[in-house]
Amino acid sequence: MSWNISMCWLYAITKYRYIPSLGEVLSAIDDAKRLGFQYMELEGIGSQLYMIVENKEIIKKKLSDNGIKLVDFVPVLPDIMSADPQKRSKALNDFKVGCEVASYLEADIVQADSFYLPIHVERPYDVSKEFRYTYKPPLMKIDPNFNFWRFFEDVAVSSISECNDIAEDHGLKLCIEPRTWETISNAWALELLMREVKSENLGAVLDVAHLAAQKMHPVQCVEMLGKRIFYVHASDSDFMMEDHLEIGTGMVDWKSFLEALKKHGFKGCIGIDVGGKEEMKQKLDSMYVNSKKYLENLMKEMM
């Protein structure tokens, strides 16, 4: 069994910065080709989404010239989970714009994240700040008026349902990535969300490192989500810290993980999602090349 391997956007975030310029976006596409990738991701973060939109012809040409297929486009729009209906409405309109550019760039998948709750004091993956992982629990306030399950139904389920309809209208699959500390942080939470939305167009971006940091066994997560896994983010982990390590250097049992994907007929792409720390920048290229080779060799053994 063999799957296509992509370069995740974490490469560009780590090498350049959290919200890269147009020049850096184009350079990241060159990087993907230089490192031997034929598939990659792209993000439009907050207002930067409109920079992507305004330069979509240039970006599409760069992808074509380099023989790169865009797998996943991610409009990073935290207000799709805002408790403020006006902010949420604007963010959903922006998400539609993101789907339009994803379709233009010939992506297969568009992604939505679940972001933070109204009671978060510190916001994990805050788009207003330079990218950093949260290695400690973010502070939360106690609000007598906050009801989690009302928020889940009225905001999370409602917004993801609307995002899914928008994506489907544009011929795109919608994926949710469970991320540490967010509203949908693990496979159990995603399962609950999927049961509420009830759409075969909605699936998972299964991020191994995020789940491992929560002591969620990657194989168990595959068994839980099965054919609803549309895409995989692959990086290694010591199952202790929120790190995205070079594949083969941590404690993830990659052979069993790939066998579980094979069992459930996974047909998506596996993205190398290594990086996130300044000290990893110097060896970033070799970590991506080594991780790609590691997975390719395992796949050959499985054939």
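The values are calculated or read from the model by the stated rules, or taken from the named source; none is laboratory data. Being a predicted model, the structure only gives us computed values, none of them experimental. Please note: Cβ atoms are built from the backbone with ideal geometry, for glycine as well, and neighbour counts cover all protein chains shown.
Couple of notes before you dig in:
- Among the residues making up the stretch 240-257, those that are touching a helix residue (DSSP H, G or I) at 6+ places or on another chain (Cβ under 7 Å), surrounded by 17 or more Cβ atoms within 10 Å (Cβ to Cβ) and of a type outside the set (D, E, K, R) are 244, 247, 252, 254, 257.
- Residue check for residue 188: closer than 24 Å to residue 155 by Cα, out of contact with any His (no Cβ under 8 Å at 6 or more places or on another chain), surrounded by 17 or more Cβ atoms within 10 Å (Cβ to Cβ) and of a type outside the set (Gly, Ala, Ser): no
- Selection count, the stretch 10-46, where residues are closer than 20 Å to residue 231 by Cα, surrounded by fewer than 18 Cβ atoms within 10 Å (Cβ to Cβ) and hydroxyl-bearing (Ser, Thr, Tyr): 0
- Some residue of the stretch 227-243 being assigned to a helix (DSSP H, G or I), farther than 30 Å from residue 27 by Cβ and touching a residue at least 12 places away in the same chain (Cβ under 8 Å): yes
- Candidates 213, 234, 204, 260 - the one that is at pLDDT below 95 and buried (at least 17 other Cβ atoms within 10 Å of the Cβ): 213
- Some residue of the stretch 4-14 being more than 18 Å from the chain's Cα centre (by Cα) and touching a residue at least 24 places away in the same chain (Cβ under 8 Å): no
- Failed condition for residue 117, given (1) under 17 Å from residue 183 (Cβ atoms); (2) free of Cβ contacts under 8 Å to residues at least 24 places away in the same chain: (2)
- Subset of the stretch 142-181 [within 17 Å of residue 84 (Cβ to Cβ), in contact with an Asp or Glu (Cβ under 9 Å, 6 or more places away or on another chain) and of a type in the set (Asp, Glu)]: 153
- Tally of residues being of a type in the set (Gly, Ala, Ser) and over 20 Å from residue 222 (Cβ atoms) across the stretch 262-303: 3
- Any hit, the stretch 46-65, residues being out of contact with any strand residue (DSSP E or B) (no Cβ under 7 Å at 6 or more places or on another chain) and at pLDDT below 95: yes
- Counting only residues that are surrounded by 14 or more Cβ atoms within 10 Å (Cβ to Cβ) and either outside any helix (DSSP H, G or I) or in contact (Cβ under 8 Å) with a residue 60 or more places away in the chain (or both), the stretch 136-159 holds 7 of them.
- Test: residue in the stretch 252-260 that is farther than 23 Å from residue 35 by Cβ and part of a loop (DSSP other than H, G, I, E, B): yes
- Test: residue in the stretch 161-179 that is basic (Lys, Arg), within 26 Å of residue 5 (Cβ to Cβ) and in contact (Cβ under 8 Å) with a residue 24 or more places away in the chain: yes
- For the stretch 15-56, taking the residues that are of a type in the set (D, E, K, R) and more than 20 Å from residue 282 (Cβ to Cβ), the one that is farthest from the chain's Cα centre (by Cα) is identified as 54.
- Residues (buried (at least 20 other Cβ atoms within 10 Å of the Cβ), touching a Ser or Thr at 6+ places or on another chain (Cβ under 9 Å) and either on the phi > 0 side of the Ramachandran plot or not hydrophobic (A, V, I, L, M, F, W, C) (or both)) located in the stretch 58-77: 72
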